[in-house]
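The values are calculated or read from the model by the stated rules, or taken from the named source; none is laboratory data. Computed from a predicted model, the values in this text were never measured in an experiment. Neighbour counts run over all protein chains shown; Cβ positions are idealised from the backbone, glycine included.
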Amino acid sequence: MAGWIKVHRKILNSEFYRGLTGRQRDVIITLLLMVNHEPREWIYKGVKYKTEPGQCVTSLQKIADLCGKDCTREVVRATIKHAENAHFLTHTTHTTHTVISIENWEKYQDINTKNTQSTRNTDTKNTCVSTTNKNIRNKEYKKYSPDSEEFRLSNLLYELIKKNNPQFKQPNLDNWCGHVDKMLRIDKRSVDDIEAVIRWCQQDNFWHKNILSTDKLRKQFDKLYMNIPKDKKVIPFKKDGDKDDWGYM
């Protein structure tokens, strides 16, 4: 079993979740991790089985084993019964296995859904996971050339942050480049304006502590740009071999 899920913080506000014991919470989270994110079909002893997204074929003992040493079949059974009464899940018991189905799983899995609340009139509407492209091991970022403006501006911000805080850890610059790309391509910011904002914010007593990524830079860009003194001007980037450095005048 590989991949990951996101659990929405709103789960902490759910009366259903707050009413669970620690071991019962382990069971609920384990079930969320166990269910499939896509349909599955297989044949076992000549019988064809199929599960839908949000379902898993398991057993009480297997769930207990995955939860930890202090979890028992009785705890799992009681938790499932409680969760079923709260409309969080349903379960079907067969001779050799149990099928667990998380209610409204597909609604919470929709990658285009911004609001992950269920339309059910229950407190458990906030207990399911809010997922974005589930069970992907690692997000792959587009690779940017060190000669690109996206990379240069991202690296500039990193170097200036590191100058203010030598302990700052090196980020994933390809990730940072992605936000700069959006600033150039979607937000229609100019290279010079982005550079001016980067240099100014890292000299400002307040903003240099708050702009610690290109993502934050993009979100606060308009506010930062409006605060730059009018007399500040950025010299265009100098290529290797040019005599002058580039920076503020």
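Output the qualifying pairs, or none if there are none: Cβ atoms under 8 angstrom, residues six or more apart or on different chains, first residue in the stretch 76-91 and on the phi < 0 side of the Ramachandran plot, second residue in a strand (DSSP E or B) and not aliphatic (A, V, I, L, M).
Ile80/His91; Glu84/Thr90; Glu84/His91; Leu89/Ser101; Thr90/Ser101; His91/Thr98; His91/Ser101
Would you mention how many residues in the stretch 56-87 are out of contact with any Phe, Trp or Tyr (no Cβ under 8 Å at 6 or more places or on another chain) and either in a strand (DSSP E or B) or of a type in the set (Val, Ile, Thr) (or both)? Step through it out loud before you land on a result.
Taking the stretch 56-87 as the starting set, the residues that turn out to be out of contact with any Phe, Trp or Tyr (no Cβ under 8 Å at 6 or more places or on another chain) are 56, 58-82, 84-85, 87.
Next, only the ones that are either in a strand (DSSP E or B) or of a type in the set (Val, Ile, Thr) (or both) stay: 56, 58, 63, 72, 75-76, 79-80.
Residues in the stretch 56-87 being out of contact with any Phe, Trp or Tyr (no Cβ under 8 Å at 6 or more places or on another chain) and either in a strand (DSSP E or B) or of a type in the set (Val, Ile, Thr) (or both): 8 in total.
Scan (1) closer than 30 Å to His37 by Cβ; (2) surrounded by 14 or more Cβ atoms within 10 Å (Cβ to Cβ) for the single condition Ile186 breaks and write down its number.
(2)
Provide a single number: the residues in the stretch 7-55 that are surrounded by 11 or more Cβ atoms within 10 Å (Cβ to Cβ), assigned to a loop (DSSP other than H, G, I, E, B) and not acidic (Asp, Glu).
Selection size over the stretch 7-55: 11.
A quick yes/no check of all residues on (1) under 23 Å from Ser145 (Cβ atoms); (2) of a type outside the set (Lys, Arg):
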position: Lys162; (1), (2): yes, no
position: Pro166; (1), (2): no, yes
position: Cys177; (1), (2): yes, yes
position: Gln203; (1), (2): no, yes
position: Phe206; (1), (2): no, yes
position: Ser213; (1), (2): yes, yes
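Inspect all residues belonging to the stretch 65-75 and state whether any of them is under 23 Å from the mean Cα position of the chain (by Cα) and surrounded by fewer than 12 Cβ atoms within 10 Å (Cβ to Cβ).
Going residue by residue through the stretch 65-75, those that are under 23 Å from the mean Cα position of the chain (by Cα) are none.
Scanning the stretch 65-75 turns up no residue that is under 23 Å from the mean Cα position of the chain (by Cα) and surrounded by fewer than 12 Cβ atoms within 10 Å (Cβ to Cβ).
Kindly establish whether Ile161 is closer than 22 Å to Pro229 by Cα, touching an Asp or Glu at 6+ places or on another chain (Cβ under 9 Å) and surrounded by 12 or more Cβ atoms within 10 Å (Cβ to Cβ). Working first, answer last.
Working: closer than 22 Å to Pro229 by Cα: yes; touching an Asp or Glu at 6+ places or on another chain (Cβ under 9 Å): no; surrounded by 12 or more Cβ atoms within 10 Å (Cβ to Cβ): yes.
Considered against the rule, which asks whether it is closer than 22 Å to Pro229 by Cα, touching an Asp or Glu at 6+ places or on another chain (Cβ under 9 Å) and surrounded by 12 or more Cβ atoms within 10 Å (Cβ to Cβ), Ile161 comes out as no.
Does Val47 satisfy being assigned by TED's automatic domain parsing to the domain that holds Trp105 and touching a His at 6+ places or on another chain (Cβ under 9 Å)?
Numbers: assigned by TED's automatic domain parsing to the domain that holds Trp105: yes; touching a His at 6+ places or on another chain (Cβ under 9 Å): no.
No, not satisfied.
Taking the condition of being in contact with a strand residue (DSSP E or B) (Cβ under 8 Å, 6 or more places away or on another chain) and not aromatic (Phe, Trp, Tyr), how many residues in the stretch 34-51 meet it?
10
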